[in-house]
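Below: one structure, written as structure tokens.
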Amino acid sequence: MFSITVRDHIMIAHSFRGEVFGPAQRLHGATFLVDATFRRAELDEDNIVVDIGLATQELRAVVAELNYRNLDDEPDFKGVNTSTEFLAKVIADRLAERIGKGGLGEGAKGLAGITVTLHESHIAWASYERDL
């Protein structure tokens with residue numbers, strides 16, 4: 001399996017419900033490095049996985065929808081614990097939607113899947129992997 005990864009970042013605010021979250025039940029900020037990995041079994045006719053420039057552009061557009069937002073105030077996330085794992089899935093699903101609409105060009109039709117990883121720090125991160 002071949003893959004390429006592009007990176008961006010987001011800065012958000014949010015709070016959690018539930019004792020398991022301890023002090024994170026209060027409103028707090030988080031900055032995440034966001035990696036999006038695109039994979040396919042065989043390279044396309046240009047010997048690439050996907051256009052890195054387009055992948056970077058689409059990831060930037062997806063994270064821009066979340067950046068500098070208090071997720072507690074976003075209608076899509078009302079009453080939802082926006083954990084790192086949950087946000088990785090949101091970003092992966094939004095990227096998949098853009099791929100389906102042609103945002104990564106014709107070459108993206110051969111993609112097998114995406115993995116989105118949100119790095120909370122240098123020692124902790126969470127990922128979501130999905131097929132296309």
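Quick look at the numbers
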| quantity | calculated |
| --- | --- |
| Segment 1-62: C-alpha gyration tensor shape, a/c 1.5 cut-off, then a/b vs b/c | prolate |
| 0 to 90° range, to nearest 10: angle between helix 84-100 axis and the chain longest Cα axis | 30 degrees |
| Highest-first arrangement of 96-107, 47-58, 121-132, where packing means the average Cβ count within 10 Å | 47-58, 96-107, 121-132 |
| Among 108, 20, 6 the positive-end extreme of the charge dipole of the chain (Cβ point charges) | 20 |
| On Cα atoms only, tilt of 52-64 relative to the major axis of the chain in degrees | 20 degrees |
| Contour minus Cα-Cα distance for residue 76 and residue 46 (0.36 nm per residue) | 7.0 nm |
| Hits among lysines - C-alpha to C-alpha of residue 109 under 30 Å, sequence gap 8 or more where chains match | 89, 101 |
| Only Lys, Arg (+1) and Asp, Glu (-1) charged, at Cβ; the chain dipole about Cα centre in debye | 300 debye |
| Positive-end residue of 80, 32, 118, charge dipole of the chain with Cβ unit charges | 80 |
| Long-range tail of P(r) for segment 1-109 (Cα pairs > 19 Å, %) | 49 percent |
| Per-pair calculated FRET efficiency, R0 = 41 Å: residue 21 and residue 101 via Cβ, rounded to 0.05 | 0.70 |
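Laboratory data are not the source of any read-out in this text; all were calculated from the coordinates shown. Since we're looking at a predicted model, the values are computed, not measured. Note: ideal-geometry Cβ built from the backbone for every residue, glycine included; neighbour counts use all protein chains shown.
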